1. Of all residues in region 349-400 being under 44 Å from the mean Cα position of the chain (by Cα) and on the phi > 0 side of the Ramachandran plot, which is modelled with the highest pLDDT?
2. Among the residues of region 128-160, count how many are in contact with a Ser or Thr (Cβ under 6 Å, 6 or more places away or on another chain) and either loosely packed, with under 14 Cβ neighbours inside 10 Å or at pLDDT 95 or above (or both).
3. Considering each of GLY586, GLY605 in turn, give the residue that is open to solvent by less than 50 Å² (accessible area, probe 1.4 Å) and touching a residue at least 60 places away in the same chain (Cβ under 8 Å).
4. Go through GLU298, GLU281, GLU370 for me and flag whichever is part of a helix (DSSP H, G or I), within 30 Å of GLN151 (Cβ to Cβ) and open to solvent by 40 Å² or more (accessible area, probe 1.4 Å).
5. Any residue in region 493-516 that is hydroxyl-bearing (Ser, Thr, Tyr) sitting within a Cβ distance under 6 Å of a residue that is modelled with pLDDT of 95 or more and open to solvent by 60 Å² or more (accessible area, probe 1.4 Å)? List the pairs, counting only those 6 or more apart or interchain.
6. Out of LYS849, LYS875, which single residue is touching a residue at least 24 places away in the same chain (Cβ under 8 Å), of a type in the set (D, E, K, R) and open to solvent by 80 Å² or more (accessible area, probe 1.4 Å)?
7. State which residue pairs qualify: first residue closer than 17 Å to SER27 by Cβ and inside region 794-819, second residue modelled with pLDDT under 90 and surrounded by fewer than 14 Cβ atoms within 10 Å (Cβ to Cβ) in any location, beta carbons under 9 Å apart, and separation of 6 or more residues or different chains.
8. Give region 327-345 a look and list any residue that's open to solvent by less than 10 Å² (accessible area, probe 1.4 Å) and among the small types (Gly, Ala, Ser), or say none.
Amino acid sequence: MESRYNPAEIEEKWQHTWTELGLDQTSTDNSKPKFYVLAMFPYPSGYLHMGHVRNYTITDVIARLKRMQGYRVLHPMGWDAFGLPAENAAIDRGVPPAQWTYQNIAQMRQQLKPLGLSIDWDCEIATCSPDYYKWTQWIFLQFLKVGLAYQKEAAVNWDPIDQTVLANEQVDSEGHSWRSGAKVERKLLRQWFLKITDYAEELLNDLDKLTGWPERVKLMQANWIGKSTGAYLEFPIVGVTTAMDELSVGSTNHPSGAKIGVYTTRPDTVYGVTYVVLAPEHPLTKLVTTPERLAAVETFIQEVSNQSELERTAEDKPKRGIPTGGIAINPFTGEEIPIWIADYVLYEYGTGAVMGVPAHDVRDFKFAKEQNLPIKVVIVPPDNEETPHEASLKQAYTEAGILVNSASFDGITSTEGKSAIVEYAEKQGFGKARVQYRLRDWLISRQRYWGAPIPVIYCPNCGTVPVPEEDLPVLLPDDVAFTGRGPSPLSQIESWVNVPCPTCGTRALRETDTMDTFIDSSWYFLRYPDARNEHQVFDSAKTNDWMPVDQYVGGIEHAILHLLYSRFFTKVLRDSPRGDSSAKQGLLNVDEPFQRLLTQGMVQGVTYKNPVTKKYIPPAQVDPANPVDPETGEQLEVFNEKMSKSKFNGVYPEEVLGQYGADTARMFILFKAPPEKDLIWEDADVEGQSRFLNKVWRLVLDFSNQPRANVAGQNVASLTKPEKELRRAIHTAIKKVTEDLEGEYQFNTAVSELMKLRNSLEDAISKDSSVYAEGIQTLVLLLAPFAPHISEELWHQLGHTESVHTQAWPQFDPAALVADETTLVIQVNGKTRGTLQVPAQADKTELEKYALESEVAQRHIEGKVIKKVIVVPGKLVNFVV
């Protein structure tokens, strides 16, 4: 072996050897406990960045550790390969999406290989592959069978110039199309939804089962589901007696006429309702609008249709609304109240209508003041002796209090009023108690090409007909022209769209929408255990054997949607074909997909920005000692920010690997910061890890070149004092590194322990003893998950023939951690006079004797009378003289 550490040479050698040996293939030995470790699969952009390197290094350390601890490990990789960028590439470069995507996958796979990741590539999947999306389509059909997939009208972003639907990310902050520049409109299209709301309560309650998840992620999901308890109340519309009851969302269908249904968490304020507001797109809007208000209402509706949901609900934007001329009745007071429409009310949320209580709601108060609407106080603070006059109100009172101006409910607390008023409403037929969720059903239709086609056919005779399972997959056609204009590319291919109905044979039409790419990532972890199955979505026995994923690792940006959808899919596939969630006869036997979740922080780099021009400057053009714009001479802002091409602050993995090697890059990433924190890239710290590995290299190399003792022949009882101290350092390292990797994955402190062990070995006196040999071997074993290549090379240099990664993880000896001696502090009248080494097991009497006979004590108490001796075992002896 060369005396010089050459990462490039040994890393390539061992990666080739591991592949030949099949070292990373998933074990089928069911006598071992299983461990499924998974990093969120990447989108194949074609370029690996340091965020990827951090993510996959973390899972690789865990996978290697668990194998050494005796587990059979599943550590796979795949590609979240459908999505808009491939379609954009087709438009901009004329490259078919499939070709662009598969080229990127091949490129990123090659970039990943040099990292030395112990991935089982035999399990590799790509969501854009027909052998994968066939089963995505099959899953959709199962949702359809049990009533969890349905169609309804929903708003989309519409480009009136290009005559095409835009994704949210294709609309700029001003509401314009990214390509044509047209002002984007909102347009209703009939689209497919999944009924995730059917599982809202279980998705919320089962968060309590996820004890291995960060609390903030669980809180984010709970807030997204948004359970609230309140009341559904109905406000009859004056003068409308046509049979339009079904237009009142959630209506109890009173035959007397149409009603506006609202949901509120504050039924205690219902006597203060002075107006109601409909979403402009609510079907009731046309019904309640009077002739004289029709033109103004239609104009307002058109204006609002051009706003995105984000614009309409933004807290910092003024709330706009106009009266419809319609009148409703507050059934609790019998008073007539005006019906308005406003941009801040969305038809997709709740019932699409809200009741206005300006005295007790901040938004309603502001809106009422701006529109000169009446304000009525119905709750006052508990210590208020009189009801304030509405005109004197400076702000809404939103806290709990005492009901006033509320008929028979006056004088009770607002908490009591909520339940009492709901009970009264139910008796009178005005409404009922209701639990509601912020969560909405999942819109999965995308007017795109590069996604899994929705396997449905529309027949003029049979209606909506699912594609027979034996006809799956519905393949994406190849002969597609991409212009970025007009309807979905699929809808323009007549030979693909026009098909016979599978039920009656009549000429029919395919669904031309594809599925949201979140669908693909909501079940991919279930496919890995049986990735090559051509006959089933997966073999339940195989997938249930590995599920749930024991450790999932990914970015906090996926805390809500991806994780929530994956949990939803797992529960649906667990349930029986009847959709009965109490009968667990489905494909899965687990309730939750991910047992433990680690959300790793971002990788940041030093960033230079001109505050005047707002331009980012490449670091190569900047003197760090005097950061100024090389063109203008203006002083630059200097800060750390997430690595990005556009900000010129990225560090390319291939450059780091070329200069330092994969093991150094891995060690830096693991040592620099705890995994859940952001990591700031600094070249000096990378150099530090390179120096550490070089020191380990020299230490082991020097040992391997000398005659050495046999570790197995160690006689603990006959060890010298230095040998005992070294053995204690060795077993302390084993204990602490193991604890750091078993608990919260504190890789940074684990690496620190490796450094301490190396230092102890460097300082050791008896380098020819069996204890030193044990220490060298232990250092290499502990280092193996972190720096796999150098560890493998050094392990073989120590004379071993099998891989270091197939060895058992070291176990610490509790007896080795017990010190034979301890340092005793000698005090006289409370002042420390010196220290003394004494047997660790000495009792109080023995400690007093050792202290009294010591040279330190004799020197300070000679000729004095000892009045008292205070002994603190293991710490000190204090002579009071």
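The values are calculated or read from the model by the stated rules, or taken from the named source; none is laboratory data. All values reported here derive from a predicted model rather than from experimental measurement. Please note: Cβ atoms are built from the backbone with ideal geometry, for glycine as well, and neighbour counts cover all protein chains shown. To get the accessible areas, we keep the full protein, side chains included, count just its heavy atoms, and leave off ligands, DNA and RNA. Shrake-Rupley method; radii C 1.70, N 1.55, O 1.52, S 1.80 Å.
1. In this case the residue turns out to be GLY352.
2. Filtering region 128-160 down to residues in contact with a Ser or Thr (Cβ under 6 Å, 6 or more places away or on another chain) leaves 128, 159.
With either loosely packed, with under 14 Cβ neighbours inside 10 Å or at pLDDT 95 or above (or both) added as a condition, the list becomes 128.
Looking only at that region, the number is 1.
3. Working: GLY586 fails: touching a residue at least 60 places away in the same chain (Cβ under 8 Å).
Every option except GLY605 fails the conditions.
4. Values: GLU281 fails: part of a helix (DSSP H, G or I); GLU370 fails: within 30 Å of GLN151 (Cβ to Cβ).
Result: GLU298 is the single residue among GLU298, GLU281, GLU370 that is part of a helix (DSSP H, G or I), within 30 Å of GLN151 (Cβ to Cβ) and open to solvent by 40 Å² or more (accessible area, probe 1.4 Å).
5. THR506/ASN461
6. Values: LYS849 fails: touching a residue at least 24 places away in the same chain (Cβ under 8 Å).
Of the residues listed, the single one that is touching a residue at least 24 places away in the same chain (Cβ under 8 Å), of a type in the set (D, E, K, R) and open to solvent by 80 Å² or more (accessible area, probe 1.4 Å) is LYS875.
7. none
8. The answer is ALA328, ALA342.
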